[in-house]
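These notes concern the structure reproduced below.
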Amino acid sequence: ANALRVRSEDFSRKLRQLGFDEVGPDYILNAENAGLISMEYGFEPQVEAEEEDEDLYPEPVPDDTSLLPSRPPIVTIMGHVDHGKTTILDYLRKTSVAATEYGGITQHIGAFSVNLESGRTITFLDTPGHSAFLSMRQRGANVTDIVILVVAADDSVMPQTIEAIKHSKAAGVPIIVAINKMDKEDAQPDRVKQDLARYGVEVEDFGGETQAIPVSGKTGLGMEELEEATVLLSEVLDHRAPRDGNVEGWILETTTRKAGRVATVLVRRGTLRVGQILVAGTTWAKVRTLKNEAGVDVAEAGPGTPVEVDGWRDQPVAGDEALQADSEQHADAVTRYRQAKVEQSRAADDVEHINEARRLEQDKREMEAAAAERADQIANGLITEEEAQETPKEEASGPKEVHFIIKGDVSGSVEAVINSVTSVGNQEVVPRILRSGVGPVSQTDVEHASISKGHILAFNVPVEPLVRSQAERKGVAISSQTIIYRVVEDVKSTLSEYLTPKV
Ligand code: GDP
C-alpha cells in the first residue's frame, strides 16, 4: 500500500475484490501478484531477471545406440474392463523373477520383471488401464515400449479396446494382441481379428504386422508364446540403454511402508545403487535401500528394472522423472529452485483466473445494463416490447451453453476429460469449457464458477474441505471423479437439467 500510495484499508478491499480472500497486514504477496496488482493501479512493474537456472536435466540420448547393451522392454497391459488384464498380470507375476527366487510372494510396487528361459527379461507395468498410461505419457514419460492389448475372445472389440488402440497409436507404441479367454466355448478369435482390423490393427494372419496370440489367463494357455512375442518385438525394436553414467528413471508409484517413504523407480539409463542421490520433482533421496518386487534388498538396478527406493525427504509424485544429482547440496539447490518455480507459476495461474472471472463479471454487468436500457426504452415508448425481445433472442440463438471448469491431476487426464466432455451435447444444450488446468480445485475456481454459473469437474484431484464448503455456500457443484466415463455421465446429467422439459 505504501509503495502504491494508497490507504491500507482501500488496498485490502481491492485485494479482496481481486479474489485474495484472506488478506491481512501479514500477508506476503509474491512477485507475480504484486506486479499484476500494481498494474491495477496504473503502474508499470519491472520484473527483475530470473535467477540462474539450477535445474537438473536428462542427458541427450546418443545418436548411435547400436553399441549400447540391450535392456528389457517395458510393457503395459491395456484393454476393455473384464477382458482379463488383471488375470493375465497375476499369471505373469507368479512367474516373475522375484516370485521364482523368493518363494512366490510379490508385493505391488508398480512393475515387475519376468525372466524367460531364453535369458531375456520383460518388465511389466503392474497397473492395468489407460489413465496410468496416459498420465505417465503426458508428463513426457514414454515409459511404455510395447502395449499388450487384451481382447476377450467371447466379447471382441469394446469401447475401451478402441480407446486403448487410440492411445497406443497416438503414443507411437506398438501393440501385441492377446486374445484372451480362449478356454471358453464361445471364444471367437477370428471375429476379434476382423473387428480389430476395422480399427486399424491388422494382425499377422490377416495380412498385417501385429502379432495376435491366443491366450487364457485362467489356464495359462499361450502365456509363453505371449512372452516370446514380446521379446521378439523388443529385439526388432532394438531396445538399448547405457548402464553407466548418470542414473535416470521415472517414479512409477509411491507409498509409505514401515521403513518410511518409498517410491518405485523404473530405471531408464545408468545403474542405480545405494548411496546415490536422486532428485524427483521437488524432492530428493539419498538412496538408503533398493528392494525388488519381493521386498528383498538388491545391490543395484539397471535400465528397464523397477526397484523400490527408500530415503525420500518428501513423497515424490508418480510420473515424475528421477535424475541423479552429484551431491546432497546440489539436490537441495535443485529442489528449492523447482519449488520456487512451481509457486511462481501457480501465482501466475491464479492471477489469470481472477482476470478471467472479472471479465465474465464485466460481461454480465454489460448484459444487465443493456437489458435495463431496453426496459427504459420500452417505458419511454421508444421501442415496443416485441422489438425489445427480438435482440436478445437473436443473441441467444443456437444451443444453450452449460459452463464447466475442469481440473485434473496431470495434463493428460485434463486433456482426456476435455475430449470426453466436448463430445457430449445436442442441438439444445452443449457444454462449454471455460477453463481447464492441472492441480487441485482452488477457491478461484469456485469463484469463477460462481460468477459464470459454471460446474466444476475435478478429475483425480482432491477437493479441500475449505474449497468444498465455499462451493456449497456459493451453490457451485463440484463433481469429483476418477474414471472418465463417470465424468461423462455427470456431464450428461448436468446438461439434461438444462433441457426444456417436453410436455
Ligand atoms: P480386467 O478388468 O481386464 O482386469 O479383467 P479381470 O482380469 O478382472 O477378469 C475379468 C473376469 O474374467 C474375471 O472373472 C476373470 O476370472 C475372468 N477371466 C479372465 N481371464 C480369463 C480367461 O482366460 N478365461 C476365463 N474363462 N475367464 C477369464
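Please specify each residue of the stretch 399-415 satisfying the condition of being in contact (Cβ under 8 Å) with a residue 60 or more places away in the chain and out of contact with any His (no Cβ under 8 Å at 6 or more places or on another chain).
Hits for the stretch 399-415 are LYS400, ASP409, VAL410, SER411, GLY412, SER413, GLU415.
Hey, among the residues in the stretch 55-89 that are more than 16 Å from the ligand (Cβ to nearest atom) and among the acidic types (Asp, Glu), which one's farthest from GLY222 (Cα to Cα)?
ASP55
Which condition does THR210 not pass, out of (1) touching a strand residue (DSSP E or B) at 6+ places or on another chain (Cβ under 7 Å); (2) crowded, with 21+ Cβ neighbours inside 10 Å, if it passes all the others?
Failed condition: (2).
Quick one: count up the residues across the stretch 212-231 that are more than 15 Å from the ligand (Cβ to nearest atom) and among the β-branched types (Val, Ile, Thr).
Number satisfying all stated conditions: 2.
What is the residue count in the stretch 301-329 for residues that are within 14 Å of ILE109 (Cα to Cα) and among the polar types (S, T, N, Q)?
1
Tally up the residues in the stretch 249-301 that are in a loop (DSSP other than H, G, I, E, B) and not acidic (Asp, Glu), please.
Result for the stretch 249-301: 15.
Need the failing condition index for GLY304 against (1) at pLDDT 90 or above; (2) surrounded by fewer than 16 Cβ atoms within 10 Å (Cβ to Cβ), just the number.
(2)
Inspect the stretch 190-201 for any residue being aliphatic (A, V, I, L, M), within 16 Å of the ligand (Cβ to nearest atom) and touching a residue at least 12 places away in the same chain (Cβ under 8 Å) and give the result as yes or no.
Checking the stretch 190-201: at least one residue is aliphatic (A, V, I, L, M), within 16 Å of the ligand (Cβ to nearest atom) and touching a residue at least 12 places away in the same chain (Cβ under 8 Å).
The values are calculated or read from the model by the stated rules, or taken from the named source; none is laboratory data. In this text, all values refer to a predicted model and were calculated from it rather than measured experimentally. Backbone-built Cβ (ideal geometry, glycine too); neighbour counts: all protein chains shown.
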